[in-house]
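Here is the structure we will look at.
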Amino acid sequence: RGGSEGGGGGTVARGHGIAGCVRAWKPLGGGLVSGGGEVTVDVGGRGGAGRHAPYDAMTMATELASVVAALELDEPLMVGHSMGGVIVSAYGGLGHAARGIVNVDQAMALGGFKDALDPLIPMLQGDEAGFRDAVAMVFSVLDGPLPAAARARRNACWSPEQEVVLGVWSGVFENSGV
């Protein structure tokens, strides 16, 4: 499910975005915490994690809690990027012990995101080509000016899977005023 570095003091548990994998955190190496361990976790349906629905944030947060328990991590600092931010926020919201929750680059008020996705829902839920086109549209806006090397590193582990994306975004599709 993931990889770890370090040892000693408090542990940082990291989660990646919707189409990423544990390698997305590689540029940070062991640099998030001094004197502690770091664990990077692939969430359900991504990277080394198993493929099994449902792919909603609460299910993934519960799976993350199982990983934390299995690794016997004592109140880790939970850090998540994008979808990983939603998952670590849900982890904390479910009452799991954590030294802190760090949500990187993911708004919790998703009404604007829902408005942007609404016209793309038929493409996202349609055939593979339509899904790929819709995801490319969404993420091209979010990319920003990544240097070529950073874009290549991201693309090496970036693979949006329709079932996972639709599962994660189902909460956005189904709720108004989120």
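The values are calculated or read from the model by the stated rules, or taken from the named source; none is laboratory data. This structure is a prediction, so every number in the text was calculated from the model and none was measured. Every residue, glycine as well, gets a Cβ built from its backbone with ideal geometry; the counts of neighbours run over all protein chains shown. The protein model used for the area step is the full one, side chains on, heavy atoms only, and it has no ligands, DNA or RNA in it. Shrake-Rupley method; radii C 1.70, N 1.55, O 1.52, S 1.80 Å.
Structure summary
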read-out: Shape call, the stretch 53-134: gyration tensor on alpha carbons, a/c limit 1.5; value: prolate
read-out: Label-point separation in nm, residue 175 to residue 148, each point 7 Å along Cα→Cβ; value: 4.2 nm
read-out: Long-range amide H partners of residue 75 with built H, under 5 Å; value: none
read-out: Which of 74, 42, 118, 133 is most accessible, then next, and so on - probe 1.4 Å; value: 74, 133, 118, 42
read-out: Two-site FRET efficiency, residue 155 against residue 70, from Cβ-Cβ distance with R₀ of 41 Å, rounded to 0.05; value: 0.85
read-out: Two-site label geometry, residue 94 and residue 137: point separation in nm, points 7 Å out along Cα→Cβ; value: 3.3 nm
